[in-house]
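A.B. asks: Take a look at this one; I'll ask things after.
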Amino acid sequence: MTSGGGQRTDDGAAAHDRTDGARAVRLVAAALVFGLVMAGATLPTALYGRYQEQLGFGPLVQTTLFASYAVGVLAALVVLGELSDRVGRRPLLLLGLAAAALSALCFLLADGLPLLFAGRLLSGLSAGVFTGTATTAVVELAPPRWSRAATSTATAVNVLGLGAGPVLSALVAEASLAPLRAPYLVHLLLLVPAALVTWWQPETAGSQRRDGGRPAPASAWWPHLLRPTVPVEVRRAFVPAATAGFAGFAVFGLFTAVAPQLLVEQLGVGDRVVADALVGVPFLASAVAQVATGGLAAPRALVAGCAGLAAGAALLVAGLAAQALPLVVVAATLLGLGHGTAFRAGVASVRAASPEGRTGEVVSTLFVVLYVAISLPVVALGALAVATDLPTAAEILGVVVGLLALAALVLLRRRPLEG
């Protein structure tokens, strides 16, 4: 009896390990697809200088072109933000991949601003679908005991993909005879296996839906506009998370929109590839911070992240004013660490506070705030650059980021989050 009972126990443990192993493989596959889509959103960052040379537009057009991506993100979040709770994660992810492929085609065919704007809008739609839906899907695919690590993984992959885009684009452009076409062709080809992997993934929304995950009727696809409201029980976590996130994503907007130009023209970086690689510094630092702080309780992590953002913003302003490249690199690293720590903690605290069945909706609402942060401040930056100059405009944005981070710290001090 003992040996028989032991055999059954061993078999059960082996089956459990196999199940966890399969879920781990699916989690990694979903994370890679997530990163690929987000990298596509920042491929143009390394190419803005070439587009300027070819088309002759100024900083305001450049920042507006960048911000049109965020308009696409916001449209996806507002129109489709809670759709995955009704029809499932996988159909929405496939829709996002289709938008990413159409975006790449627009850039491949672009010979002027109209197709560039269309490509940016479509890449924004794709990223908007993936930002909320893929974050939730990655967490749901993970074995239960990995739930905290899965949240860190999802947010880290999001940011790491955004940071990898400019670097990959710069490398492919430098090695190609068609620098304004080759990066998008490579991305388009990679989207094919990404679509196959996503089709292979199981549906994960069943535990969130009252119908138990059965295929949704056609009527469920009718979009319900997401209203940017937050349930009362979530607001205590949402407000500081959104304030800190706004500060961090405004910094990322600055780096992905105009940082290569600042590095080359104002800070003496003579190599375009090096300048584009430096753009990835805060993104890499953010991803490292999200993984490294995965075991840190959300309230403490959010405070630490806000402090990092405030200190990094102060160093950035000082570095730009002194035209000191080393100081700007240190500031970028500190800003990235602060962003990653606060971003991971903010998403985790908002997810934990969300009512059952509304997780996708509430997470999407948070990302609405974050993508407003990555667009409006950057457009304001372009307008300020026309009125003054680009370094002065960047310094002003740095001051605003620092003040927002300090405001989040004040909110957390007055109403500390529960552990």
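A.B. asks: Anything in the range 288-299 that is part of a helix (DSSP H, G or I) and either among the acidic types (Asp, Glu) or open to solvent by 10 Å² or more (accessible area, probe 1.4 Å) (or both)? List them, or say none. Let's see the steps before the verdict.
C.D. replies: The first filter runs over the range 288-299 and keeps only residues part of a helix (DSSP H, G or I), leaving 288-292, 298-299.
Val288, Val291, Ala292, Ala298, Pro299 - these are the residues of the range 288-299 that are part of a helix (DSSP H, G or I) and either among the acidic types (Asp, Glu) or open to solvent by 10 Å² or more (accessible area, probe 1.4 Å) (or both).
A.B. asks: When you scan the range 317-331, how many residues do you find that are under 22 Å from the mean Cα position of the chain (by Cα) and buried (at least 23 other Cβ atoms within 10 Å of the Cβ)?
C.D. replies: Qualifying residue count, the range 317-331: 1.
A.B. asks: May I pose another question? If the requirement is being at pLDDT 90 or above and among the hydroxyl-bearing types (Ser, Thr, Tyr), which of these qualifies: Thr359, Thr333, Thr365? Even if it seems obvious, please write down each step before you answer.
C.D. replies: On the way: Thr359 fails: at pLDDT 90 or above; Thr365 fails: at pLDDT 90 or above.
Just one listed residue meets the conditions, Thr333.
A.B. asks: Could you check the range 117-129 and list, in sequence order, the residues that are open to solvent by less than 20 Å² (accessible area, probe 1.4 Å) and either under 19 Å from Thr198 (Cβ atoms) or under 16 Å from the mean Cα position of the chain (by Cα) (or both)?
C.D. replies: If we filter the range 117-129 for residues that are open to solvent by less than 20 Å² (accessible area, probe 1.4 Å), which is where we start, we get 119-120, 123-124, 126-129.
If the condition is that a residue be open to solvent by less than 20 Å² (accessible area, probe 1.4 Å) and either under 19 Å from Thr198 (Cβ atoms) or under 16 Å from the mean Cα position of the chain (by Cα) (or both), then Arg120, Ser123, Gly124, Ser126, Ala127, Gly128, Val129 are the ones that fit.
A.B. asks: I'd like to verify a number: residues in the range 82-105 that are assigned to a helix (DSSP H, G or I), open to solvent by 20 Å² or more (accessible area, probe 1.4 Å) and touching a Lys or Arg at 6+ places or on another chain (Cβ under 9 Å), how many? Let's see the steps before the verdict.
C.D. replies: Pass one, the range 82-105, residues assigned to a helix (DSSP H, G or I): 84-87, 89-105.
From what's left, open to solvent by 20 Å² or more (accessible area, probe 1.4 Å): 86, 90-91, 93-95, 98, 101-102, 105.
Filter again for touching a Lys or Arg at 6+ places or on another chain (Cβ under 9 Å), leaving 86.
Adding up the residues that qualify gives 1.
A.B. asks: To continue, here is another question. Being more than 21 Å from Ser349 (Cα to Cα) and acidic (Asp, Glu), is that true of even one residue in the range 99-116? So that I can check it myself, show each step before the final result.
C.D. replies: Residues of the range 99-116 more than 21 Å from Ser349 (Cα to Cα): 99-116.
Within this subset, residues satisfying the condition of being acidic (Asp, Glu) are 111.
Yes; the residues of the range 99-116 include at least one that is more than 21 Å from Ser349 (Cα to Cα) and acidic (Asp, Glu).
A.B. asks: Which numbered condition trips up Gly132, out of (1) small (Gly, Ala, Ser); (2) at pLDDT below 85; (3) more than 12 Å from the chain's Cα centre (by Cα); (4) open to solvent by less than 10 Å² (accessible area, probe 1.4 Å)?
C.D. replies: Failed condition: (3).
A.B. asks: Sort through Val79, Val138 and tell me the only one that's touching a residue at least 40 places away in the same chain (Cβ under 8 Å), open to solvent by 20 Å² or more (accessible area, probe 1.4 Å), more than 27 Å from Pro260 (Cβ to Cβ) and in a helix (DSSP H, G or I). Walk me through how you get there before you give the answer.
C.D. replies: Details: Val138 fails: open to solvent by 20 Å² or more (accessible area, probe 1.4 Å).
Exactly one of Val79, Val138 is touching a residue at least 40 places away in the same chain (Cβ under 8 Å), open to solvent by 20 Å² or more (accessible area, probe 1.4 Å), more than 27 Å from Pro260 (Cβ to Cβ) and in a helix (DSSP H, G or I), namely Val79.
A.B. asks: Is there any pair with a first residue in the range 270-285 that is outside any helix (DSSP H, G or I) and a second that is open to solvent by 40 Å² or more (accessible area, probe 1.4 Å) and modelled with pLDDT of 80 or more whose Cβ atoms are under 7 Å apart and which are 6 or more apart or on different chains, and what are they?
C.D. replies: Listed pairs, sorted by first residue: Gly280/Val167.
A.B. asks: Of (1) of a type in the set (Asp, Glu); (2) touching a residue at least 24 places away in the same chain (Cβ under 8 Å); (3) more than 28 Å from Val230 (Cα to Cα), Asp389 satisfies all except one. Which?
C.D. replies: The failed condition is (2).
A.B. asks: Another question about this same structure. Of everything in the range 30-51, what is open to solvent by 40 Å² or more (accessible area, probe 1.4 Å) and either of a type in the set (S, T, N, Q) or closer than 30 Å to Glu140 by Cβ (or both)? Give them in sequence order. Break it down into steps so the answer makes sense when it comes.
C.D. replies: To start, the set of residues in the range 30-51 that are open to solvent by 40 Å² or more (accessible area, probe 1.4 Å) comprises 32, 50.
Passing the criteria: only Leu32.
A.B. asks: Do any helices (runs of 4 or more DSSP H) entirely within the range 332-419 hold 3 or more residues that are under 22 Å from Ala313 (Cβ atoms) and open to solvent by 10 Å² or more (accessible area, probe 1.4 Å), and if so, which? I'd like the intermediate steps shown before the answer.
C.D. replies: Numbers: elements: 359-373, 376-387, 390-414.
Helices (runs of 4 or more DSSP H) meeting the threshold: 376-387, 390-414.
A.B. asks: Identify the single condition in (1) open to solvent by 10 Å² or more (accessible area, probe 1.4 Å); (2) modelled with pLDDT of 90 or more; (3) within 20 Å of Ala244 (Cα to Cα) that Cys306 does not satisfy, given that it satisfies every other one.
C.D. replies: (1)
A.B. asks: Which numbered condition trips up Gly319, out of (1) in a helix (DSSP H, G or I); (2) in contact (Cβ under 8 Å) with a residue 60 or more places away in the chain?
C.D. replies: For Gly319, the exception is condition (2).
A.B. asks: With respect to Gly270, determine if the residue is open to solvent by 10 Å² or more (accessible area, probe 1.4 Å) and in contact with a Lys or Arg (Cβ under 9 Å, 6 or more places away or on another chain). Can you show your working first?
C.D. replies: On the way: open to solvent by 10 Å² or more (accessible area, probe 1.4 Å): yes; in contact with a Lys or Arg (Cβ under 9 Å, 6 or more places away or on another chain): no.
No.
A.B. asks: Filter the range 142-201 for residues that are open to solvent by 80 Å² or more (accessible area, probe 1.4 Å) and part of a loop (DSSP other than H, G, I, E, B) and give the result.
C.D. replies: Ala175, Leu177, Arg181
A.B. asks: Let me ask another. Cβ-Cβ below 7 Å, separation at least six or inter-chain, first residue in the range 90-115 and farther than 16 Å from Leu43 by Cα, second acidic (Asp, Glu): which pairs?
C.D. replies: These pairs meet every condition: Arg90/Glu203.
A.B. asks: Can you tell which of Val378, Val401, Val386 is over 26 Å from Leu296 (Cβ atoms) and either within 25 Å of the chain's Cα centre (by Cα) or of a type in the set (D, E, K, R) (or both)?
C.D. replies: Working: Val401 fails: over 26 Å from Leu296 (Cβ atoms); Val386 fails: either within 25 Å of the chain's Cα centre (by Cα) or of a type in the set (D, E, K, R) (or both).
Result: Val378 is the single residue among Val378, Val401, Val386 that is over 26 Å from Leu296 (Cβ atoms) and either within 25 Å of the chain's Cα centre (by Cα) or of a type in the set (D, E, K, R) (or both).
The values are calculated or read from the model by the stated rules, or taken from the named source; none is laboratory data. Since the model is a prediction, treat every value here as computed from it, not as a measurement. So basically every Cβ, Gly included, is an ideal-geometry build from the backbone, and we count neighbours across all protein chains shown. When the accessible area is computed, the model is the full protein with side chains, heavy atoms only, and any ligands, DNA or RNA have been set aside. Shrake-Rupley method; radii C 1.70, N 1.55, O 1.52, S 1.80 Å.
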